[in-house]
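To start, the structure itself, in structure tokens.
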Amino acid sequence: MNVKTKPSRLLYVVPDFFPSASGYAHACENFIYAVANLGYEVLILSFKPAELPTPHDNIAIKSILRSNRDEMKTIFKEQLGSNWDALIIETFENSDVCNWLIDTLNIPLVSTAVRIHAATETEIYASTPNEYYSRMFDEAKCLASKVPNIWSTTNYYIDFFKDQYGLTQVEGYLKRYSIIPNIPGKRKKELLPEPSAHLIDILSKNNKNKTLFALGRMSEQGVSQKNFRTLLDAIAIAQDELKKLGSKVLIIGDGELRRSLEIQARSINISDLVSFVSELSHEDILHLTRISHAGILISTYEGHSMFSVECLSNGLPLLFSEKTGIAEYIEHGKTGVSVDPNDPFSVAEGLIEITRGEHNKDSIKSQYLQKFGQEITISKCKFIIDQLASRSKYPKAIVFGTGGYLNKVIEKINRNFNIVAFADNSIEKQGNSLFGAPIIAPSHIHSIDHDLVILASSATESIKAQLIELKIQKENIIKLDM
């Protein structure tokens, strides 16, 4: 008789989701639907208004708007239930709330993971441009100290995490790392709606066979990251050759500095080569990836952005920055052209090279999807998620002690054991919870299934004697070195 195994239940925290059209939202949507198709049951948790783009039997969604700590912890207890097999947190951007979440729910830390994407949680946090980001970076480092599983879309940001997140070199090596790229969606070309009248009008004013386009927010941070000013300078440098080649550049995005960029383009006499487009739908962006000559992503810092995913999975080559996270996914001369993002002359040369090139889009698409397509990425990811959700490989531990000594060994315990409860002699602490696990009286240890009792107190001998008196076998009592 075949016994049907119960699917793993995943609590999945998103920084953004549908109906938002951000890169984060599309990345999370593509990943969650692919994971749910494997049979996992997924509850999406958003701290903004969110909804499912299409119904799915294995996906539910809950929006809990941000509030104060005590109120949110109460809501988590009342609305999220228990028996989650794993907690997956996309980005460190809601670290304060995720710290509260971990403290509230009974999800073993060995079954929690954070996936790094980049930008806000990396370079911006680390540069702490204001008090808010400084506080959020402190929260992110606190979350990082608890979570033993660190995922990222790139190796580049795994290295960044090790360097910048306040870990010693040894602590950094003790984390369990996995690379999980962003994946393209499954929408087929024939299912896309027709291009909007707005896009058709834009293309009618350009030579669509030599259209290059860039995409990004035009806030101060966005302009700096996407390197739009250097791009404009490079177009000015290369303008004679670009005109001969019939090239036009679309820069899509809006924000407080858009007008400033338009004035810069006019002042260096390249308005005939550049068109600024404040907004396009996601469907129109996908149309552009299929009909344009090349995409431009010369960011000063960048991870595996959804812009790059959608370009390359549709066969569109990219002008891209060397020595950034995105360089792990593009091969110079085959699927794109690499440039030094800090040198406008290098960018100018790259613009000319990629415009001159005759690109085999089917070949580019095939090369990219063979390595980073949905099927191959999700097949690898299934193993990683199964390991995350399987607690059987970790001994079930009751940790005796909740004081200062615990702080010195908790990370080691989190990496190697499944904490099912804490025990403490303090009557005031009993009945509360810590890291989502209950704090119990020592006399109740036998009522909870466990493999080991870990001593997390300097009073080793007296506690050991107490446990032996409670009929805990001596060989199942251990103490970890600090």
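Return a whole-number percent for the relative contact order of the stretch 4-97, with Cα pairs under 8 Å and 6 or more residues apart as the contact set.
36
Given H placed on each backbone N at 1.01 Å, which residues far from residue 252 in sequence or on other chains put an amide H within less than 5 Å of it?
214, 215, 216, 277
If you compute percent of Cα pairs over 45 Å apart for the structure shown, which of (1) 57; (2) 21; (3) 35 do you land on?
Of the listed options (1) 57; (2) 21; (3) 35, (2) comes from this structure.
Could you work out how far apart the two model spin labels at residue 375 and residue 458 are, taking each label as a point 7 Å from the Cα in the direction of the beta carbon, and quote it in nm?
A separation of 6.1 nm, rounded to one decimal place.
Classify the stretch 9-179 as rounded, prolate or oblate, taking a ≥ b ≥ c as the square roots of the eigenvalues of its Cα gyration tensor: rounded when a/c is under 1.5, otherwise prolate if a/b is larger than b/c and oblate if not.
Taking the square roots of the gyration eigenvalues as a ≥ b ≥ c, the stretch 9-179 is rounded.
Amide H to amide H, which residues 5 or more places from residue 151 or on other chains are under 5 Å from it, using H placed in the peptide plane?
HN-HN under 5 Å from residue 151: 114, 115, 116, 178.
Counting DSSP beta bridges with both partners in the stretch 362-477, what percentage is antiparallel, nearest 5?
Looking only at bridges with both residues in the stretch 362-477, the antiparallel portion is about 15 percent.
Work out the count of Lys pairs in the stretch 396-479 where the Cα-Cα distance is under 14 Å, with the pair 8 or more places apart or on different chains. Working shown, then result.
Working: 408/479; 412/479; 464/474; 464/479.
The number of close lysine pairs in the stretch 396-479 is 4.
Step through the residues of the stretch 275-282 one at a time and calculate ³J(HN,Hα) from phi using the Karplus curve (6.51 cos²θ - 1.76 cosθ + 1.60, θ = phi - 60°), rounding each to whole Hz and writing x for Gly and Pro.
In residue order, the calculated couplings are 10, 9, 10, 5, 7, 9, 5, 4 Hz.
For a quick check: sort 175, 382 by the number of other beta carbons within 10 angstrom, fewest at the front. Each step should come with its number before you reach the end.
Values: 175 18, 382 15.
Least crowded to most crowded, the residues run 382, 175.
Would you pull out the residues with amide H under 5 Å of residue 319's amide H, same chain only if 5 or more places away, H placed 1.01 Å from N?
295, 296, 297, 337
Sort 173, 368 so that the residue with the fewest other Cβ atoms within 10 Å of its own Cβ comes first and the one with the most comes last.
With the fewest neighbours first, 173, 368 line up as 173, 368.
Would you mind counting up the charge near residue 368? Only other residues with Cβ under 10 Å from its Cβ, with Lys and Arg at +1 and Asp and Glu at -1.
That sum, taken over residues with Cβ under 10 Å, equals +2.
In the neighborhood of residue 141, defined by Cβ-to-Cβ distances under 12 Å, what is the net charge if each Lys or Arg adds +1 and each Asp or Glu adds -1? Could you put the intermediate results ahead of the total?
Numbers: positive: 135, 146; negative: 96, 121, 138, 139, 171.
Value of the local net charge: -3.
Is the shape of the stretch 251-296 best called rounded, prolate or oblate, per the rule: a/c under 1.5 gives rounded, else a/b larger than b/c gives prolate, else oblate, with a ≥ b ≥ c the square roots of the Cα gyration tensor eigenvalues?
Details: a/c = 3.48, a/b = 1.60, b/c = 2.18.
Judged from the Cα gyration tensor, the stretch 251-296 comes out oblate (a/c at least 1.5, b/c at or above a/b).
Can you work out ³J(HN,Hα) from phi for every residue in the stretch 31-46, in order, using Karplus 6.51 cos²θ - 1.76 cosθ + 1.60 and θ = phi - 60°, giving whole Hz and x for Gly and Pro?
Taking θ as phi minus 60°, the curve returns 5, 4, 5, 5, 5, 4, 5, 7, x, 5, 8, 10, 10, 7, 10, 10 Hz for the stretch 31-46.
I need the phi-derived Karplus couplings for the stretch 460-470: 6.51 cos²θ - 1.76 cosθ + 1.60, θ = phi - 60°, integer Hz, Gly and Pro marked x.
So the J values, rounded to whole Hz, are 4, 5, 5, 5, 4, 5, 4, 5, 5, 5, 7.
If you take every residue apart from residue 342 with its C-beta less than 11 Å away from the C-beta of residue 342, what net charge results, scoring Lys and Arg +1 and Asp and Glu -1?
-2
Multiply the residue gap between residue 356 and residue 384 by 0.36 nm, knock off their C-alpha separation, and tell me the result in nm, one decimal place.
Values: separation 28, 0.36 × 28 = 10.08 nm, distance 4.23 nm.
Contour length minus Cα-Cα distance gives 5.9 nm.
Below 8 Å, C-alpha to C-alpha, sequence gap of six or more: please give me the relative contact order for the chain in percent. Could you put the intermediate results ahead of the total?
Values: 886 pairs, mean separation 64.6, N = 482.
Computed over the chain, the figure is 13 percent.
Please report the antiparallel percentage of the DSSP beta bridges confined to the chain, to the nearest 5.
DSSP beta bridges in the chain are roughly 5 percent antiparallel.
Among 76-82, 106-112, 284-290, what's the highest-first ranking by average C-beta atoms within 10 angstrom per residue?
The peptides rank, most packed first, as 106-112, 284-290, 76-82.
Once the Cα atoms of helix 374-389 and of the chain are each reduced to a long axis, what angle between those two axes, in degrees from 0 to 90 to the nearest 10, is obtained?
20
Which of the three applies to the stretch 189-372, rounded, prolate or oblate, going by the alpha-carbon gyration tensor with a ≥ b ≥ c and a/c under 1.5 meaning rounded?
Note, shape of the stretch 189-372 comes out rounded.
Where a number appears in this text, it was derived from the coordinates with a stated rule and is not lab data. No experiment lies behind these values; they were computed from the predicted model shown. Cβ coordinates were reconstructed from backbone atoms using ideal geometry, including for glycine residues, and neighbour counts include every protein chain displayed.
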